[in-house]
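Enquirer: For reference, the structure I am asking about is given below.
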Amino acid sequence: MSLWTPLHAQIHRTIRARHLFERHQNLLVAVSGGQDSLCLIKLLLDLQPKWGWNLAIAHCDHRWRSDSPANADHVQNLAQTWNIPFYLETAINPVNSEATARNWRYQVLTNIAQTYNYQYIITGHTASDRAETLLYNLMRGTGADGLQALTWQRPMTDNITLVRPLLEVTRTQTEQFCQDFNLPIWEDSTNQNLQYARNRIRNELLPYLKQNFNPQVESHLAQTAELLQAEVEYLEQTARQLRLEASVKGEKEDLQLNRHLLKKQPLALQRRVMRQVLQEILPDAPNFEHIEKITALITAPNRSQTDPFPGGAIAQVQGEWICIIKKQG
Ligand SMILES: Nc1ncnc2c1ncn2[C@@H]1O[C@H](COP(=O)(O)OP(=O)(O)OP(=O)(O)O)[C@@H](O)[C@H]1O
């Protein structure tokens with residue numbers, strides 16, 4: 001196997017073209033031991049001489065499988081073989097749900113990066129993960145924002161960024177790569193557990209779609225997520241600008257929005273402005289009905305008002321203005 005494969009070249013180009021990271025930076029690579037993160041660390045190790053990065057591996061032991069200590073040892077041995085620093089965090093109490101595991105993991109990775117001065121946390125999410133997340137969110141019911149499905153970069157703190165360089169690589173490719181380089185994959189038994197919706201999408205729905213509709217379905221779904229991401233970013237940015245122009249602070253710190261200005265804007269932007277406003281005043285994320293109720297006030301007769309939102313605030317039309325009146329006391 002030649003040391004430099006088309007996948008090496010692709011990732012090298014992706015990192016450069018998307019400015020994922022620059023030369024000589026400190027990268028903390030999150031390695032579970034599965035095929036995606038093994039492929040990721042091997043690629044970064046091979047690219048390292050060209051970029052001069054300082055690489056390290058972090059592993060999180062959730063203690064939710066009996067073989068998790070052996071899994072952690074396995075990853076530690078790999079780090080030793082490659083002669084790079086290894087950081088392990090073991091959960092004090094076994095983590096028992098997917099969502100808790102994820103939150104705990106990101107917290108742990110951020111803490112390690114902060115303590116040991118890594119600017120980047122890198123994960124092995126692939127185009128296949130992106131396709132699964134897109135389908136999952138689509139079925140749960142979500143606006144375009146949920147359909148962006150995994151972004152290339154996400155700030156974790158002011159100076160730590162999460163980066164996912166494999167978003168254009170499919171799981172079939174990472175598997176092939178691990179085989180080509182004889183990388184010892186640690187099989188995660190919970191990946192076969194069909195109780196988890198994500199695993200059913202991966203093991204049942206996507207193979208069905210591939211076989212019966214389009215063999216390229218994964219890449220196509222991932223590309224859709226990519227297009228949506230850029231569009232959502234643009235719309236959010238434009239809505240932020242419009243919100244600034246349309247809003248003034250009223251009496252007692254209440255917010256007022258100019259209906260005249262908002263009326264001239266497309267519905268997509270009106271909704272986004274309203275969602276941003278509600279995100280600031282509601283205790284939880286606003287839902288579709290909340291956003292529709294307040295958006296309707298842009299064209300409603302004078303003195304119209306909404307019933308109280310969660311947390312007690314109401315919105316009311318006062319001539320040219322929509323006034324958001326927070327609950328008193
Ligand atoms: N136990 C672990 N230790 C370190 N890194 C991990 C661990 N599990 C997962 N990761 C990192 O997260 C990436 C995605 O893993 P996986 O798809 O299993 O997680 P997920 O729960 O779907 O994550 P997300 O919610 O971020 O999509 C892996 O490629 C790896 O980089």
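The values are calculated or read from the model by the stated rules, or taken from the named source; none is laboratory data. Note that the coordinates shown come from a computational prediction; the quantities given were computed from them, not determined experimentally. No Cβ is skipped: glycine too gets one built from the backbone with ideal geometry, and neighbour counts run over all protein chains shown. In case anyone asks, the SASA skips ligands and DNA or RNA and just uses the protein heavy atoms, side chains included. Shrake-Rupley method; radii C 1.70, N 1.55, O 1.52, S 1.80 Å.
Enquirer: Straight-line reach from residue 327: which lysines fall under 19 Å, measuring Cα to Cα and dropping same-chain residues less than 8 apart?
Expert: Of all the lysines, those that pass the test against residue 327 - Cα under 19 Å, at least 8 places apart if same chain - are 249, 252, 293.
Enquirer: For the chain, rounded, prolate or oblate, judged on the Cα gyration tensor with a ≥ b ≥ c (square roots of eigenvalues), a/c < 1.5 rounded, else prolate if a/b > b/c?
Expert: Note, shape of the chain comes out prolate.
Enquirer: Based solely on its DSSP helices, what 222 nm [θ] is calculated for the chain when runs of n ≥ 4 H residues each add -39,500 (n - 2.57) and the sum is averaged over all residues, nearest 500 deg cm²/dmol?
Expert: On the way: 13 runs with 161 residues, N = 329.
It comes out at -15500 deg cm²/dmol, rounded to the nearest 500.
Enquirer: Please state the charge dipole magnitude for segment 1-140, taken about the Cα centre, from unit charges on C-beta atoms (+1 on K and R, -1 on D and E), reported in debye and rounded to the nearest 20.
Expert: It comes to approximately 440 debye.
Enquirer: OK, next. Have a look at 90, 248, 30 and report the one farthest towards the positive end of the charge dipole of the chain, computed about the Cα centre with Cβ charges (Lys/Arg +1, Asp/Glu -1).
Expert: Ranked along the dipole, the leading option is 248.
Enquirer: For a label point 7 angstrom out from the Cα of residue 48 toward its Cβ, which stretches of segment 70-94 have the backbone nitrogen within less than 17 Å?
Expert: Under cut-off, by backbone N: 75-88.
Enquirer: Would you list which aspartates and glutamates come within 19 Å of residue 263, measuring only between C-alpha atoms, while excluding same-chain residues fewer than 8 positions from it?
Expert: Cα-Cα hits under 19 Å: 236, 245, 292, 320.
Enquirer: By a straight-distance test (C-alpha under 19 Å), which aspartates and glutamates pair with residue 210 as possible cross-link partners, with residues fewer than eight away in the same chain excluded?
Expert: Within the straight-line cut-off, residue 210 pairs with 129, 132, 168, 175, 218.
Enquirer: Next question, about the same structure. How large is ³J(HN,Hα), in whole Hz, for each residue of segment 64-78 in order, when computed from phi with the Karplus curve 6.51 cos²θ - 1.76 cosθ + 1.60 and θ = phi - 60°, using x for Gly and Pro?
Expert: 10, 10, 5, 8, 5, x, 5, 4, 5, 4, 4, 5, 4, 4, 5
Enquirer: Carbon-plus-sulfur fraction of the accessible area of segment 184-329, 1.4 Å probe, in percent?
Expert: 52 percent
Enquirer: How high is the relative contact order of the chain? Use alpha-carbon pairs under 8 Å, at least six apart in sequence, and give a whole percent.
Expert: Reported as a whole number, the value is 14 percent.
Enquirer: Would you mind getting the accessible area per residue of segment 172-251, heavy atoms of the protein chains only, 1.4 Å probe, in Å²?
Expert: Heavy-atom accessible area per residue stands at 65 Å².
Enquirer: A further question follows. If the elastic network links every pair of Cα atoms under 10 Å, which of 171, 202, 102 fluctuates the most in the Gaussian network model of the chain?
Expert: 102
Enquirer: Treating the angle as unsigned and between 0 and 90°, give the value, to the nearest 10°, between the Cα long axis of helix 127-140 and the longest Cα principal axis of the chain.
Expert: For 127-140 against the chain, the angle is about 40 degrees.
Enquirer: If you take the beta carbon distance between residue 13 and residue 223 as r and set R0 to 22 Å, what does 1/(1 + (r/R0)^6) give as a FRET efficiency, to the nearest 0.05?
Expert: Computed FRET efficiency for residue 13 and residue 223 comes out at 0.85.
Enquirer: Can I ask one more? Got a number for carbon plus sulfur as a percent of segment 29-76's accessible area, 1.4 Å probe? Walk me through the intermediate numbers first.
Expert: Values: 650 of 1470 Å².
Using a 1.4 Å probe with all protein chains present, segment 29-76 comes out at 44 percent carbon and sulfur.
Enquirer: I need the phi-derived Karplus couplings for segment 268-278: 6.51 cos²θ - 1.76 cosθ + 1.60, θ = phi - 60°, integer Hz, Gly and Pro marked x.
Expert: 4, 6, 4, 4, 5, 4, 5, 5, 4, 4, 5
Enquirer: Mind giving me the nanometre distance, one decimal, between the label points for residue 240 and residue 115, set 7 Å out from Cα along Cα→Cβ?
Expert: About 3.3 nm separates the two model spin labels.
Enquirer: Describe numerically, in nm with one decimal, the distance between label points set 7 Å from Cα along Cα→Cβ at residue 22 and at residue 154.
Expert: Those two pseudo-labels are separated by 2.5 nm.
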